[in-house]
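The values are calculated or read from the model by the stated rules, or taken from the named source; none is laboratory data. Worth saying up front: this structure is predicted, and the values here are computed from it rather than measured. Cβ atoms come from the backbone with ideal geometry, glycine included; neighbour counts cover every protein chain shown.
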Amino acid sequence: MQLRKYNASIVKRKRDIVHLEGSDVATSLLSSASTCARTDLGSESDYLRLLGERVRETRARRGMTRKILARDSKVSQRYLAQIETGQGNISIRLLRQIARALDIPLEALVRAGPEPPVDFVHTTEFLRRLPAAELVEARRLLVQHFGGVDLEARRGRIALIGLRGAGKSTLGAMLADRLEAPFLELDRLIEQESGVSLSVIFDLYGQSGFRRLERRCLDRVIERYPRFVLATGGSLVSEPATFERLRTMCFTVWLRATPEEHMQRVIAQGDMRPMADNRESMSELRRILDVREPLYRKADTAIDTGGRSVNESLEMLGRAMNES
């Protein structure tokens, strides 16, 4: 079966998958995730206090009394007083009413951390008004002038993105051999440095803990290796800051295929989990691909591996990189 060829375990490599060095890395990564998790749990009261201060200060900047805000938002003065002193755990519906009355975006009220600089707010509003095509150009200019990126060095750092079963591990290993560059798999690096499997990381530290580990490992790879081919996890694109870091520092390639081919390749590799206890697995896979596709399209180039052998896909990948 041709799809079986997209199994990284059968690819003969000239080198082993490299891993990050440093005996204290795993401890520091897990310690950081654990500390952040405890901090998040212990900061709820601080967040409510910050939220209250933001409502009070925004109201003051608008020149609105609490009575006027109560009238316009249809939230009682008593409850507003509780919110502004950090004692009210407000629902999202009521908070939306307050944001509307203050005439500010809801996200401006719920943002964690201190207020951003005024210039940042104004720049964000300016970018928000740009049409999509001009926004792409604006980002390119910002990266070019302020990103501190060596474009030639960036092309030597190749990152493959896409859903599981796209061929990232198989094609990545072969491309690395051809380029005589290290091949790395980000999920495997996270497991190696944490000392536990991805499922255990999610169980212990949740999605936010995993994302912090993912970003730390990506930063270390970029710092340590001037050239590499990197296979990323399929969901990395859903974390804006990490995906922006990847796009800025690496030449990104989206390996794409149809949902049916993704599913067949994973099963052909002997993994039946996509079908386990999930009769709607194909519908779910299509939904994931639909919501991620706009993000995957941000890659520098895309290769359709559907209906092609590994060697054919590798040749297409090589040509696309030379042409980009």
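Computed quantities for the displayed model
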{"read-out": "Given (1) charged (D, E, K, R); (2) surrounded by fewer than 17 Cβ atoms within 10 Å (Cβ to Cβ); (3) in a helix (DSSP H, G or I), index of the condition Arg154 fails", "value": "(2)"}
{"read-out": "One residue from Leu255, Leu230 being in contact (Cβ under 8 Å) with a residue 24 or more places away in the chain, under 13 Å from Ala299 (Cα atoms) and surrounded by 21 or more Cβ atoms within 10 Å (Cβ to Cβ)", "value": "Leu255"}
{"read-out": "Lone qualifier among Ala176, Ala166 - being within 21 Å of Arg292 (Cα to Cα) and among the small types (Gly, Ala, Ser)", "value": "Ala166"}
{"read-out": "Qualifying residue in segment 195-213 (condition: buried (at least 19 other Cβ atoms within 10 Å of the Cβ), under 21 Å from Phe183 (Cβ atoms) and either assigned by TED's automatic domain parsing to the domain that holds Pro182 or not acidic (Asp, Glu) (or both))", "value": "yes"}
{"read-out": "Residue list for segment 52-96, restricted to those being more than 22 Å from Val118 (Cα to Cα), under 32 Å from the mean Cα position of the chain (by Cα) and either of a type in the set (D, E, K, R) or at pLDDT 95 or above (or both)", "value": "Arg93, Arg96"}
{"read-out": "Set Arg188, Arg224, Arg220: member being in contact with a strand residue (DSSP E or B) (Cβ under 9 Å, 6 or more places away or on another chain), touching a residue at least 12 places away in the same chain (Cβ under 8 Å) and in the same structural domain as Gln264 (by TED's automatic domain parsing)", "value": "Arg188"}
{"read-out": "Positions within segment 74-88 being crowded, with 17+ Cβ neighbours inside 10 Å and assigned to a helix (DSSP H, G or I), in sequence order", "value": "Leu80, Ile83, Glu84"}
{"read-out": "Qualifying positions in segment 223-235 - modelled with pLDDT of 95 or more and under 16 Å from the mean Cα position of the chain (by Cα)", "value": "Leu230, Ala231, Thr232"}
{"read-out": "For Leu30: the one exception among (1) aliphatic (A, V, I, L, M); (2) surrounded by 16 or more Cβ atoms within 10 Å (Cβ to Cβ); (3) within 27 Å of the chain's Cα centre (by Cα); (4) modelled with pLDDT of 55 or more", "value": "(4)"}
{"read-out": "Near pairs, Cβ below 8 angstrom, 6+ apart or cross-chain, from segment 301-312 (at pLDDT below 90) to any residue that is loosely packed, with under 15 Cβ neighbours inside 10 Å and not β-branched (Val, Ile, Thr)", "value": "Ser309/Gln2"}
{"read-out": "Some residue of segment 55-73 being of a type outside the set (Lys, Arg), within 23 Å of Glu44 (Cβ to Cβ) and not in a helix (DSSP H, G or I)", "value": "no"}
{"read-out": "Enumeration of residues in segment 307-317 that are out of contact with any Phe, Trp or Tyr (no Cβ under 8 Å at 6 or more places or on another chain), more than 14 Å from Ile161 (Cβ to Cβ) and surrounded by 15 or more Cβ atoms within 10 Å (Cβ to Cβ)", "value": "Arg308, Ser313, Leu314, Met316"}
{"read-out": "Boolean, Arg54 is among the basic types (Lys, Arg), surrounded by 12 or more Cβ atoms within 10 Å (Cβ to Cβ) and touching a residue at least 40 places away in the same chain (Cβ under 8 Å)", "value": "yes"}
{"read-out": "Cross-chain or 6+ apart pairs with Cβ under 7 Å, segment 70-92 first and in the same structural domain as Arg49 (by TED's automatic domain parsing) and at positive phi, then small (Gly, Ala, Ser) and buried (at least 16 other Cβ atoms within 10 Å of the Cβ)", "value": "Gly86/Gly52"}
{"read-out": "Tally of residues being part of a helix (DSSP H, G or I), within 22 Å of Gly307 (Cα to Cα) and among the β-branched types (Val, Ile, Thr) across segment 157-195", "value": "1"}
{"read-out": "From Glu284, Glu293, Glu239, residue being crowded, with 16+ Cβ neighbours inside 10 Å and either assigned by TED's automatic domain parsing to the domain that holds Asp187 or modelled with pLDDT of 80 or more (or both)", "value": "Glu239"}
{"read-out": "Inter-residue pairs, beta-carbon under 7 Å, first part of a loop (DSSP other than H, G, I, E, B) and in segment 117-138, second among the hydrophobic types (A, V, I, L, M, F, W, C), 6+ apart", "value": "Leu130/Ala138"}
